[in-house]
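Down below is the structure, laid out as structure tokens.
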Amino acid sequence: MPAQLLKGKPVADAVKEELSAKIADLSFVPGLRFVRVGEDPASMSYVRGKQKMAESIGLDAQTHELPEETTQEELLALIEELNNDDNVDGILVQLPVPDHIDDTVVLEAINPEKDVDGFHPENVGRLWTGQESLLPCTPAGLIRIMDHYELPIQGQHVVIVGRSNIVGKPAAAVFLARSATVTIAHSRTLDLPALTKQADVIVAAVGIAGFIKADMVKEGVVALDVGLTRIDGKIVGDIHPDVAEKAAYLTPMPGGTGRMTVAMLMENTYNAAVRRRG
Ligand code: NAP
């Protein structure tokens, strides 16, 4: 029997509905600021989607669009201004930034209390040491999908393919925090299929279309597809369509994890606002 699809939309809609009600109950309107440097079409579309969702749930969302030639100093000055603006609760600098700007310096400049992407080293450290933090949105979305569809996490062997700072590593932290047994694989992993075949849950965050094939997974696996590649205008995931014949559950691509990433950004903004403003 083909896998049951773990659609992101119903989960994201539930998060949106809950947040809209909670935001309407606040005595202030939380502020979210997007900063985009340059005209990368994918970044422009991501920021538009995030801004639209933010407005739809009652946040005060604005985008700062900076030209490609913006210097690092100019970008840092804008971040400082937003850090000091009491009406701003969340700041998101859309990555990638142009090559002449060091994204590590930029991410470290954001006030950790307003770091709604959860990428600041302080939030990363808090996550790994089990303290309250703003969680990276994509990994938080994976957990929310699993919980929504009532799939077990504790004790499950979760194999994460990919070790980036924005997906693979924080995904490991959030699954570990829920008492999963976690393996992280990457491009230097020896005999990847031997590992992925042991997975109860596989997280594919590589960015190579159809990378995880049916003969790399066991029967009944839960397959969470994060990677996305655009081929002839179509979005294709890291998990090969044939995996649907073996998996018990599978996130569709598109329509799976991506929607959750945006929903979790909204939740982070709400949480950041409530924590900072008491
Ligand atoms: P990344 O920084 O390029 O990381 C890719 C990871 O895949 C690296 O750790 C790399 O290993 C590993 N890898 C590459 N080739 C491999 C191979 N042959 N075998 C095993 N591992 C391999 O990418 P990212 O930022 O994490 O993003 C990954 C994908 O997720 C991209 O397609 C991105 O567009 C997508 N994404 C989706 C969402 C969403 O909401 N759905 C959010 C963010 C990103 P090394 O570290 O050894 O190089």
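Observations on the structure shown:
- Which numbered condition THR189 misses (of (1) farther than 19 Å from THR138 by Cβ; (2) crowded, with 18+ Cβ neighbours inside 10 Å): (2)
- Check on VAL226, modelled with pLDDT of 95 or more, β-branched (Val, Ile, Thr), in contact with a Gly (Cβ under 9 Å, 6 or more places away or on another chain) and over 22 Å from GLN156 (Cα atoms): no
- Residues that are touching a helix residue (DSSP H, G or I) at 6+ places or on another chain (Cβ under 7 Å), within 16 Å of ASP225 (Cβ to Cβ) and in a loop (DSSP other than H, G, I, E, B), drawn from segment 127-162: GLY162
- Matching residues, segment 75-105, being among the charged types (D, E, K, R) and either in contact with a His (Cβ under 6 Å, 6 or more places away or on another chain) or over 19 Å from VAL47 (Cα atoms) (or both): GLU80, GLU81, ASP85, ASP86, ASP99, ASP102
- Search result, residues across segment 130-159 that are closer than 25 Å to ARG188 by Cα and within 16 Å of the ligand (Cβ to nearest atom): PRO136, THR138, PRO139, LEU142, VAL158, VAL159
- Meets criteria (closer than 14 Å to ARG259 by Cα and not assigned by TED's automatic domain parsing to the domain that holds GLN94) for VAL47: no
- Residue under evaluation GLY49, criteria (1) within 29 Å of ALA173 (Cα to Cα); (2) surrounded by 15 or more Cβ atoms within 10 Å (Cβ to Cβ); (3) not β-branched (Val, Ile, Thr), criterion not met: (2)
- Among residues of segment 160-169, those that are surrounded by fewer than 24 Cβ atoms within 10 Å (Cβ to Cβ) and more than 6 Å from the ligand (Cβ to nearest atom), counted: 2
- Some residue of segment 29-39 being in contact with a helix residue (DSSP H, G or I) (Cβ under 8 Å, 6 or more places away or on another chain), at pLDDT 95 or above and surrounded by fewer than 16 Cβ atoms within 10 Å (Cβ to Cβ): yes
- The set of residues in segment 229-278 that are under 29 Å from GLY58 (Cβ atoms), of a type in the set (A, V, I, L, M, F, W, C) and away from the ligand (no atom under 16 Å from the Cβ) comprises ALA272, ALA273, VAL274.
- Of all the criteria given as (1) surrounded by 16 or more Cβ atoms within 10 Å (Cβ to Cβ); (2) over 18 Å from the mean Cα position of the chain (by Cα), the one not satisfied by VAL116 is (2).
- Any hit, segment 206-216, residues being near the ligand (Cβ under 10 Å from one of its atoms), under 30 Å from GLN131 (Cα atoms) and either acidic (Asp, Glu) or in contact with an Asp or Glu (Cβ under 7 Å, 6 or more places away or on another chain) (or both): yes
- Within segment 64-87, being touching a residue at least 40 places away in the same chain (Cβ under 8 Å) and out of contact with any Asp or Glu (no Cβ under 9 Å at 6 or more places or on another chain) holds for LEU75, LEU78, ILE79, LEU82, ASP85.
- Residue selected from segment 175-202 under the condition away from the ligand (no atom under 15 Å from the Cβ) and in a loop (DSSP other than H, G, I, E, B), by the criterion nearest to the chain's Cα centre (by Cα): ARG178
- Qualifying residue in segment 207-221 (condition: within 30 Å of LEU19 (Cα to Cα) and either in the same structural domain as ARG163 (by TED's automatic domain parsing) or not in a loop (DSSP other than H, G, I, E, B) (or both)): no
- Any chance GLY220 is under 14 Å from GLY141 (Cα atoms), of a type outside the set (Lys, Arg) and more than 9 Å from the ligand (Cβ to nearest atom): no
- Options ALA21, ALA61: the member that is exposed (fewer than 15 other Cβ atoms within 10 Å of the Cβ) and out of contact with any Lys or Arg (no Cβ under 6 Å at 6 or more places or on another chain): ALA21
The values are calculated or read from the model by the stated rules, or taken from the named source; none is laboratory data. These numbers come from a predicted model, not from an experiment. When we count neighbours, we look across all protein chains shown, and the Cβ atoms used for this are built from the backbone with ideal geometry, even at glycine.
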